[in-house]
Structure formats: C-alpha cells, structure tokens
Amino acid sequence: MRHMKKTLIALLAAATLAMPLAATSALAADMKVGIIDIQRILSGSSLMKALEAAQKDVAGAEQELLKFRQGKLEELQGMQKQVAEGKMTQEAFVQKQREFEDQVMQRVKSEQGRLEKKKEEIRKMKEGLEKDVETAVTKVAGSKGLEMVINKQLVMFGGTDITDDVIKALPKR
C-alpha cells in the first residue's frame, strides 16, 4: 500500500512536470519560424562592401601616419649622429627637432580629425546597415506570415530559410 502511494505520487509529479512541456511543444509546433544566414546577408550587401572599404581607408591612414612618424624619428636619429660627429651644432639639432615635432603634431592633428570623421561615417554606416537588415527581415517575415526569425547558426533543423528574400529586400545603395 505504501509502495503504491509512492508510485502514484511519482506519477502525478511526472505528469505535472510534463504538462507545461507538452503545451510549449504544441505552441511551438503551430508557430511559423523563419531562419536567416546573417553572414550571407551582410556579405552580399553593397553597404557592407562600402563599410569594409571605409575601414580599410582608416587602417591605411593610420599606417601612413605611423610611417610618417617613423620617418621623422629616423631623420632625427641621423641628425643626432651628425651632432656626435661634429657636422651639426647642438643648437641646430634642437631647432630641427622642434620643427620636426611641430610637423608631426600638425600631421597628427590633421589626420586625427580626418580619421574621426571617417570613424563616425563608419559608425553611421553600421547603424544604417543594421536598420536596413532589420527592416528587410521584418518585411519578408510579415509577407510570409512568420512569427519569429532566428539566426541560422542557432538552428539545427526546421524553419523556413528567408535569407535570399531578405537579400532581395535590402535597399540597393
């Protein structure tokens, strides 16, 4: 009798725990889910290509500035050698050093301003791209009657792939 009572309690507990899972599964079965390959969407976007080009410009400008600084440093080292050999006075060296520092600072300020503008442009491009993708996904999902859209990398199976439709719905820039 006691054994039967324990078994009955265990069965009731199992049934109680299983009911929400069954209800959730039933709801999920009725839900239409779309999937997208966000990497493919982004790589096909003309805005993404412009974004990558802008990022390369920034990296190139930063590299150019680094080379400029390095070149000026090497020139100064060469002049130090001339001072040591007696081919240049210490005063002339100090004067040249100040001139070089001024040139470097002017170039740095100029480039930093340009780079900051470019970085702001990149930030706006990223925001625009995110908005474009979100708008396209929402539009396609609505037209297909999808209730949820999930990144393809998170789904093992199931769902309707709307990646191509989203790519077509993205604005051409």
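Things worth noting here:
- Restricted to region 125-173, and to residues there that are polar (S, T, N, Q) and not in a helix (DSSP H, G or I), the residue that is surrounded by the fewest Cβ atoms within 10 Å (Cβ to Cβ) is ASN151.
- Odd one out for LEU47 among (1) modelled with pLDDT of 85 or more; (2) touching a helix residue (DSSP H, G or I) at 6+ places or on another chain (Cβ under 8 Å): (1)
- Check on LYS172, modelled with pLDDT under 90, among the charged types (D, E, K, R) and over 29 Å from ARG69 (Cβ atoms): yes
- Contact annotation: no residue pair with Cβ atoms under 7 Å, 6 or more positions apart or on different chains, pairs a residue in region 134-159 that is farther than 11 Å from LYS32 by Cβ with a partner that is among the aromatic types (Phe, Trp, Tyr) and at pLDDT below 95.
- Qualifying positions in region 89-122 - hydrophobic (A, V, I, L, M, F, W, C) and more than 38 Å from the chain's Cα centre (by Cα): ALA92, PHE93, VAL94
The values are calculated or read from the model by the stated rules, or taken from the named source; none is laboratory data. It should be emphasised that the depicted structure is a prediction, and the values quoted were computed from it without experimental measurement. Neighbour counts run over all protein chains shown; Cβ positions are idealised from the backbone, glycine included.
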